[in-house]
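Computed from the coordinates by the stated procedures, all read-outs in this text should not be read as laboratory data. All of these numbers come straight from a predicted model, not from anything done at the bench. Positions of Cβ are generated from backbone atoms using ideal geometry, with glycine treated the same way; all protein chains shown enter the neighbour counts.
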Amino acid sequence: MVCSTVEVANVSHTKRSSGAKTGGGLRERLKKLLGVHEAPSRVAGAFAAAVFCGTCPFFLGVVLVLPLLLWGFKLNKPVTIGVSALLAANPLGIFVMLAQAWLGLKLLGRDVPDWLVRLDGRAMWEALRRSADALAVGAGGGGAAGDSPLALLWAFVVGGFVSSLAAGALVFGGVWGWLTVRRRPA
């Protein structure tokens, strides 16, 4: 028995509308959404841009850099926006920010405050209060050498951008390598 194209289309349409499971319909939509049919470099670029933008200090990556990257590199929008939003709104983001401040202090050759190494919440809030008071008065100091508000702010910015670039590069290499190995013909 030979079926025409119209009959096959009608049958599959009937199956779909009756709620019967179609062969990979959801899987195909998910693949299309995630850009599985795109080049590995474009999908890896979307993930790398999302990680960079989602971990940038002060949400600058999400607000300023992400639209430029989406437009300039024609990245997969759902992947890039979704992953960067998940990273930017991550409730564990405070630990990422503390690690970025620690990295920045180390890169700048400054002393790391004890409260940052011990992750002492009470001492951290006290240092932040002193920093806010010092900034409100107009003084630059807030305590120990690495504890001044401007030193911590600058360290956070430097550490944040360095770690965001490094994380984006690592993610690009990992995703690109995984996709090229996975798509290699058998």
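Observations, loosely collected:
- R0 of 41 Å, Cβ-Cβ distance residue 26-residue 97: FRET efficiency to nearest 0.05: 0.65
- Pairwise FRET efficiency - residue 165 versus residue 130, Cβ, R0 = 25 Å, nearest 0.05: 0.20
- Projecting label points 7 angstrom from Cα along Cα→Cβ for residue 108 and residue 73 puts them 2.8 nm apart.
- Between residue 85 and residue 37, the distance separating the two model label sites (each 7 Å from Cα on the Cα→Cβ line) works out to 2.4 nm.
- Listed peptides 89-96, 64-71, 114-121 by packing density, highest first (mean Cβ within 10 Å): 64-71, 114-121, 89-96
- Pair-distance distribution of segment 38-183: all C-alpha pairs, bin width 10 Å, starting at 0; shares per bin in whole percent are 12, 35, 28, 17, 7, 1.
- Applying 1/(1 + (r/R0)^6) with R0 = 22 Å to the Cβ-Cβ distance of residue 150 and residue 65 gives a FRET efficiency near 0.40.
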